[in-house]
1. Tell me, please, whether a residue that is closer than 30 Å to R306 by Cβ and either over 60 Å from the mean Cα position of the chain (by Cα) or among the basic types (K, R) (or both) can be found in the stretch 268-285.
2. Hey, among the residues in the stretch 286-306 that are of a type in the set (A, V, I, L, M) and exposed (fewer than 15 other Cβ atoms within 10 Å of the Cβ), which one's nearest to E209 (Cα to Cα)?
3. Starting from the stretch 465-476, keep only residues that are closer than 21 Å to A489 by Cα and of a type in the set (D, E), then list their pairs with residues that are at pLDDT 80 or above and assigned to a helix (DSSP H, G or I) whose Cβ atoms are within a distance under 7 Å, requiring at least 6 positions of separation or different chains.
4. Taking into account only those residues within the stretch 49-66 that are under 21 Å from the mean Cα position of the chain (by Cα) and surrounded by fewer than 20 Cβ atoms within 10 Å (Cβ to Cβ), which is farthest from I108 (Cα to Cα)?
5. Could you list all residues from the stretch 181-223 that are acidic (D, E) and either under 26 Å from A305 (Cβ atoms) or in contact with an Asp or Glu (Cβ under 9 Å, 6 or more places away or on another chain) (or both)?
6. Considering only residues of the stretch 542-566 that are among the aliphatic types (A, V, I, L, M) and out of contact with any helix residue (DSSP H, G or I) (no Cβ under 6 Å at 6 or more places or on another chain), which is surrounded by the fewest Cβ atoms within 10 Å (Cβ to Cβ)?
7. Give D357, D296 a once-over and let me know the one that is modelled with pLDDT under 90, among the acidic types (D, E) and either over 30 Å from G239 (Cα atoms) or assigned by the TED database to the domain that holds A236 (or both).
8. Do you know which residues across the stretch 44-81 are of a type in the set (A, V, I, L, M, F, W, C) and farther than 17 Å from I121 by Cα?
Amino acid sequence: MLESLHIKNFAIIEELSLSFKKGMTVLTGETGAGKSIIIDAVGLLAGGRGSTEFVRYGTKKCVLEGEFKFRPSKDLLALLSEHEIEHVENTLLIQREIFMSGRTVCRINGSIVTIAVLKEIGTHLIDIHGQNEHQELMMTENHSFLLDSFGQKELHKLKKDYQNIYREYRQLTKERQEWAFNEQEIAQRLDILRYQVDEIEAAQLHPHEEENLLEEEKKLANHQAIVKALSTSYAALQGEEYSGLDTVGKAMEEMAAVENIDSSFKQLSENLSATYFQLQEIASDIYTELDGLEYDEERLNDIEARLNVIQQLKRKYGDSVEKILNHFEQSEKELKKLENREEQVDGLSRKIKTAYDKAQKLAETLSKSRREIAIGLEKSIQKQLKELYMEKVEFSVMFKECKEPESKEPQLNEQGMDKIEFFISTNPGEPLKPLSKVASGGELSRMMLAMKTIFSQSQGITSIIFDEVDTGVSGRVAQSIADKIYSVAKHSQVLCITHLPQVAAMADQHLYIKKSTDDERTQTSMERLVKNKRIEEIARMLSGDELTQLTKETAAELLKLAQKKKVG
């Protein structure tokens, strides 16, 4: 459930904090006070589409913050784990900032998330039902989803298994289509691949070859300088005319003669001795290097030619020998695949048939289960409609098997093999007709409310919001809608914007939204109504601005009757 909501610089709201309780909460107030804006704010916290138009004029950003307690369902916990969102005591703090620049920042328990992730998680927390959902009920493509929602427990695993194998079937079909190239295109591609594979293979490249060649080339190109440096160095250490080693050796002997006189002399003697032997070893290494030096001009030419070959290949296939070899592997793999394309296509065809057969079998099982669940949905809808004074309306779920053109095989899609559509008959004796072509606005409103009543018990949504779904009704129908919304609140927290006194009277919590003008700017504020103030607000809803003693008494009676209903 939504426990608290904080809004800052959002539309006409400068700053507003609201807290909510379990059960049914109504929001009333004059038109334009900001009731629907509050619902818009909740919708944005559930991943709704944002806009810079929401940012209050004269400010840089709007800030929305909501604290939710959630039911720990398996799917929601998996989502939170997948996106590494930590939570304590099943609580989520959702924050959203919208900047005038168009940038949006979303956080859940302090972790930054994308709007897509926010929306995915939001579907488990909030279900906003506004008048636009009547139009969704008119769209036949939504009927399959509504039926599956009703049979969620029975269908969840079966539908998931079907969709997994169906997606595999579609992927395999796509792969086979990729093989259906124009023969000329295949031939051209084969020529290119063969040329590339042969060219790289002929070069006989080795990993790190270029680095080794460059090092060897550098030595050969600088042969004279290297010889000079080594010769001079060796002569300085162990030359015939002058020997640095002999000089150091003489110093070592002199210090060895006095090393026992003082400990500091001994340390100097040892350091000098170590230096002598180290220089002796260096002189030997220099001699070895000098003795092994050879200048091979032909070898230098070979290296330069080889580096030129590598450079040409790099221009075509990658900026290093490793990338050229990787290109070779990929090209060779593709070449073998294309050369054996008939075998590849045959193998894919076999896999496609196996996947299709499995998908078709699961689709048939899914269809059978849906038809059984549809009977239960029809009975439940009929019961709800009767309580909403639509007892003469007959509701039916119709199934039509999708067929492939000029084929007896069913046409499979992501949802299965059935086209599902809701039909109704509004008057006795009239035939059933598509809901989208028969139902009026008032009937659609009650139909959707009937479905919400049923689905709220099975979907596990923590909060349901009704945004003026009771428009255009009155009398006993208004009371039946009030009763129905209250029955939904027994299973989920309900927030309801209403203009009906009957609905307001059934609420467990009544919030009055009002606006005022301060320094020529509109401000929205909230007042929690209790006792006499609640009576006055319901009386105003009954009669308008002019309150009389009679309307107050009627409002008090309405509240009294509502309380009896809730207790009963």
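1. Within the stretch 268-285 (the criterion being closer than 30 Å to R306 by Cβ and either over 60 Å from the mean Cα position of the chain (by Cα) or among the basic types (K, R) (or both)), the answer is yes, since at least one residue qualifies.
2. So the residue we want is A305.
3. From the stretch 465-476, the pairs are D467/S36; D467/I39; D470/A478; D470/I481; D470/V503.
4. So, considering only residues that are under 21 Å from the mean Cα position of the chain (by Cα) and surrounded by fewer than 20 Cβ atoms within 10 Å (Cβ to Cβ), the one farthest from I108 (Cα to Cα) is S51.
5. D198, E199, E201, E209, E210, E211, E215, E216, E217
6. Result: L550.
7. None of the others qualify; the one that does is D296.
8. The answer is F54, V55, C62, V63.
The values are calculated or read from the model by the stated rules, or taken from the named source; none is laboratory data. Computed from a prediction, not measured in an experiment: that's the story for all the values here. Positions of Cβ are generated from backbone atoms using ideal geometry, with glycine treated the same way; all protein chains shown enter the neighbour counts.
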